Amino acid sequence: MDYALLDKKYVWHPFTQMQDWIKDDIVVIERGKGVWLYDMAGKKYIDGVSSLWVTVHGHANQALNDAIKIQLDKIAHTTFLGLSHPLAVQLAAMLIELTPSSLNRVFYSDNGSTSMEIALKIAYQYWQQKDGGKQQKRTKFVTFTNAYHGDTIGSVSLGAIDLFHKIYKPLLFDTFNAPYPYPYRFNGDAEACKDHCLQALEQLFKNHGDEIAAVVIEPEVQGASGMIMTPPGYMKGVERITRKYGALLVVDEVATGFGRTGYMFASNAEQIKPDIMAVAKSITGGYLPLAATITSEAVFEAFLGSYDEQKTFFHGHTYTANPLACAAAIANLELFEHNNLLHNIIDRAKQLDELLKPMQKLDHVGDIRKKGLMIGIELVEDKSTAKPYSWQDKIGIRVIEEARNHNLIIRPLGNVIVLMPPLCISADELAFLVDGTYKAVKTVTERA
Ligand SMILES: Cc1ncc(COP(=O)(O)O)c(C=O)c1O
């Protein structure tokens, strides 16, 4: 069967201009092992973006496969509405143990967007119900420049990437927008950038504090906007200001959670204590869709009352807490511990300091940002002025296409080349990934 042909005939791919897709050569992946993906012709590629930021212990991992198979022989799915099951309970206890000490309750869903949709609905309803509704004016959210929280209408309302979000504007609710620190594009050093952003956030609170339900932020790293990373002390500052004005702090750890930044959660980097945290992506080690919105006990308590008080959180998805996904998540977390994976991430991150040096010297590499194994390489037309390539140049797309010739699957975010390998990657595999990326960047930018 010619799968490429049939794909072009029947399928509509996410975030893809299908007119180009139908013309181009496409890669059809048949299987994976470890950090490698294999296409239908048997050609192998390093999975340089962890199959969209999810793969942890590699593909076709025996322990994860076995955990799912064992559960499969018991039951594949049972509803979580009005029933419970052991693995969801066990996983909830593990998540509470691992996440910051402010968090106590796990509400499951099945992807990052829904976990954020749930976070914002909980934050909103919390203020409607807390203290007999004394602060019902708190209905607005503070979001950040370039934010990305998913593709459903609520999470898009929190987002600020024009290319993805602008067209839906009439459908969205308004938010207050604060600048997220982007030192490379700030006129001043990282410290000044941090101060500027914190002052702007505080000003929003001074002007609108009694209307603000929650600050919603991607801690440490904004992923989808191009791996934009905060200077030290920034997240602590956000927490301090949010607390000072009494709003809730919601962290979106969909991308940063489960080791990606070198910490189990990015919130741990500066020891912040959120009221609500959303996690998804790597929770199952990259195997199955599962997400969780984890809240403090105080938030949870605002939803308690007799049935006729109507404080219930009326929200739930059909596949909430799917047992197979929970089995994968538990096996994933056990392997983290067993393989001492955080150490591997820290070692590989150190190795990157050396590996990336030649890349930084290339004429069109403006900025290289990294935390843990989240890496963004920002390509610029003119390095001396940081002038960006125009989007029509499709520079990122051309680099990742060239990277296929070097056996890499990587993805761009605009002019930023993203590397986010599976967290189990070995020293040799990481060197292979960076070397191939270097060659692809050099070939494309020096030809452009
Ligand atoms: C920070 C963040 N939040 C939410 C999402 C949405 O997750 P999903 O694609 O699983 O809906 C993403 C996806 O990339 C993300 O990076």
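Annotations
- Tally, over the range 119-157, of residues that are more than 25 Å from Val221 (Cβ to Cβ) and within 11 Å of the ligand (Cβ to nearest atom): 0
- Of all the residues in the range 35-48, those that are free of Cβ contacts under 8 Å to residues at least 40 places away in the same chain and surrounded by 11 or more Cβ atoms within 10 Å (Cβ to Cβ) number 4.
- For the range 217-236, the candidate set comprises residues that are assigned to a strand (DSSP E or B) and touching a helix residue (DSSP H, G or I) at 6+ places or on another chain (Cβ under 7 Å); within that set, the residue that is surrounded by the most Cβ atoms within 10 Å (Cβ to Cβ) is Ile217.
- Each residue in the range 155-203 was checked for being outside any helix (DSSP H, G or I), in contact with a Phe, Trp or Tyr (Cβ under 6 Å, 6 or more places away or on another chain) and over 25 Å from Lys370 (Cα atoms), and 1 pass.
- For the residues Ser51, Ser113, the requirement of being within 16 Å of the ligand (Cβ to nearest atom), in contact (Cβ under 8 Å) with a residue 12 or more places away in the chain and assigned by TED's automatic domain parsing to the domain that holds Pro412 singles out Ser51.
- Count - residues of the range 243-259 that are within 26 Å of Phe164 (Cβ to Cβ), of a type in the set (Ser, Thr, Tyr) and either away from the ligand (no atom under 11 Å from the Cβ) or part of a strand (DSSP E or B) (or both): 0
- Lone unmet requirement of (1) touching a residue at least 24 places away in the same chain (Cβ under 8 Å); (2) in contact with a helix residue (DSSP H, G or I) (Cβ under 9 Å, 6 or more places away or on another chain); (3) not in a strand (DSSP E or B) for Gly32: (3)
- Listing of strands (runs of 3 or more DSSP E) fully contained in the range 338-448 that carry 1 or more residues being basic (Lys, Arg): 365-371, 411-413
- Where Gly150 falls short, out of the listed (1) closer than 27 Å to Trp391 by Cα; (2) assigned to a helix (DSSP H, G or I); (3) not hydrophobic (A, V, I, L, M, F, W, C): (2)
- Asp428 meets each of the listed conditions (1) of a type outside the set (S, T, N, Q); (2) in contact (Cβ under 8 Å) with a residue 40 or more places away in the chain; (3) under 20 Å from Ala349 (Cα atoms) apart from (2).
- Lone unmet requirement of (1) at positive phi; (2) crowded, with 21+ Cβ neighbours inside 10 Å for Gly436: (1)
The values are calculated or read from the model by the stated rules, or taken from the named source; none is laboratory data. For clarity, every value in this text was computed on a predicted model and none was experimentally measured. Heads up, the Cβs are rebuilt from the backbone with ideal geometry, glycines too, and the neighbour counts pull from every protein chain shown.
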